[in-house]
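A short worksheet on the structure shown next.
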Amino acid sequence: MKKELYPMKGIVTTVISPFIGENKALDVESLHNEIDMACKAGVAGFLVPCLASEQPLLTLEEKKLLVAETAKAAAGRAKLITSITAPTTEERVRLMHEFQECGIDGFNMQVPHETEKEFMEAIEGVDRENPQFLFLQDADFNGPGIDNAWTVKAFNTFSSVVGAKLEVKFTAPKCSELLRLTDGKMLLASGWGNDQLLELLDRGVHTVMPSGMFELWTKVYALHSSGNRAAAQRLFYDMLPIITFTRQSQELNRWFHKHYLKSFGAFQTDMSREQVYLDEYHIHYADELIQRAKDLIGRLDSYQ
């Protein structure tokens, strides 16, 4: 099967779920603010729901609401990718059809990969339902993830498979190898490994999927894409202390970006449903780093 590179490049931001009230209900008004802020910064798309959305703690109806409202707020301005990760093929297909009603562009799916047969059958079960496109989620924070040969085979076999989102122990070199094996035709994205953004862009990764700080991520990407690597490097290095703080844990990362969005007036609260281990030092440093981000945003024009 001859494939061409799917036309999507840039920052695809992960959607942070805003909560409000004693019951920590989804705050639709704040969600719209988040999406509008990201679109104005020039993001290429949104990934929702996902880990950044505290997906495991959302009901199906809440996931549908999150997707539908994101689609409404982003309409005509950015692409929308939804996660259909679930334990069985039947559940993945059901989620896909549920989300298609909301008006989305494609799907991201974590695929079981104990054996090659299991891996291919899981993708086939979704592919035969003719999804718009499919990203394979390769998540293994402490290991090598899915065998590259299997990923390439899936890309070459199934028409819906356009790319992979990598969050593995050695994300950057794995991206380079997949690009080599697919002649640069496989759309590659990085998630948790965005603290290596500059290296990933140097290697030819097409899109990255961070949370928050929309203006900063999009500016680094735009500078690098225009050939101005030196300016991209300066800005990225100025961002690194902030990114490093968020890499302490997934939970802290999610809370930080709620706190960040609240500081801009986009979110009404920085509530999480999950347990986040915070103390006064975390909050103090988060506030300092958010001010650093605001200072950087205020002088983006200086990165030339």
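Placing pseudo-labels 7 Å out from each Cα toward the beta carbon at GLU280 and LYS24 gives an inter-label distance of 2.5 nm. Shape descriptor for segment 159-216: Rg over Rh equals 0.97 (Cα atoms; Rh from the Kirkwood inverse mean 1/r). In the context of the full set of protein chains, residues of segment 121-199 present 38 Å² of accessible surface per residue (probe radius 1.4 Å, heavy atoms only).
Within the chain, what percent of beta bridges assigned by DSSP are antiparallel, to the nearest 5? Looking only at bridges with both residues in the chain, the antiparallel portion is about 5 percent. Normalising the Debye intensity of the chain to I(0), with uniform scatterers on Cα atoms only, and taking log10 at q = 0.12, 0.14, 0.16 Å⁻¹ returns -0.77, -1.07, -1.40. For q = 0.08, 0.11, 0.19 Å⁻¹, what log10 I(q)/I(0) does segment 121-268 give under the Debye formula with an equal point scatterer on each alpha carbon and no solvent? Ignoring solvent entirely, the Cα scatterers give -0.26, -0.48, -1.16.
A Förster distance of 41 Å, applied to the separation of the beta-carbon atoms of THR59 and ALA230, puts the FRET efficiency at 0.30. Taking a Cβ cut-off of under 13 Å around SER30, the surrounding Lys, Arg, Asp and Glu residues balance to a net charge of -3, with basic ones at +1 and acidic ones at -1. Computed with a 1.4 Å probe over protein heavy atoms only, the accessible area of ILE104 comes to about 20 Å².
Counting Lys and Arg as +1 and Asp and Glu as -1 over every other residue whose Cβ lies under 11 Å from the Cβ of THR246, the net charge comes to 0. When the alpha carbon coordinates of segment 83-208 are projected onto the principal axes, the ranges are 37, 32, 27 Å, largest first. Protein heavy-atom accessible surface, 1.4 Å probe, per residue over segment 202-267: 33 Å².
The distance linking segment 186-235 with segment 69-112 is 24 Å (Cα centroid to Cα centroid, whole angstrom). Length gained on full extension, LYS153 to ASP140, computed as 0.36 nm times the residue gap minus the Cα-Cα distance: 2.7 nm.
Here, segment 205-280 yields an orientationally averaged convex hull projection of 6.1 nm² when only Cα atoms define the hull.
What net charge is computed for the residues neighbouring THR269, neighbours being all others with C-beta under 10 Å from the C-beta of THR269, Lys and Arg scored +1, Asp and Glu -1?
+1
With a Förster radius of 22 Å applied to the C-beta separation of GLU177 and ASP202, the computed FRET efficiency comes to 0.90. Here the extension length gained between ASP36 and THR269 equals 82.1 nm, from 0.36 nm per residue of separation less the Cα-Cα distance. Compared with the direct C-alpha span, the chain from GLU101 to LYS3 gains 32.5 nm at full extension, assuming 0.36 nm per residue.
The values are calculated or read from the model by the stated rules, or taken from the named source; none is laboratory data. The structure displayed is predicted, hence computed values, not measured ones. So basically every Cβ, Gly included, is an ideal-geometry build from the backbone, and we count neighbours across all protein chains shown. When the accessible area is computed, the model is the full protein with side chains, heavy atoms only, and any ligands, DNA or RNA have been set aside. Shrake-Rupley method; radii C 1.70, N 1.55, O 1.52, S 1.80 Å.
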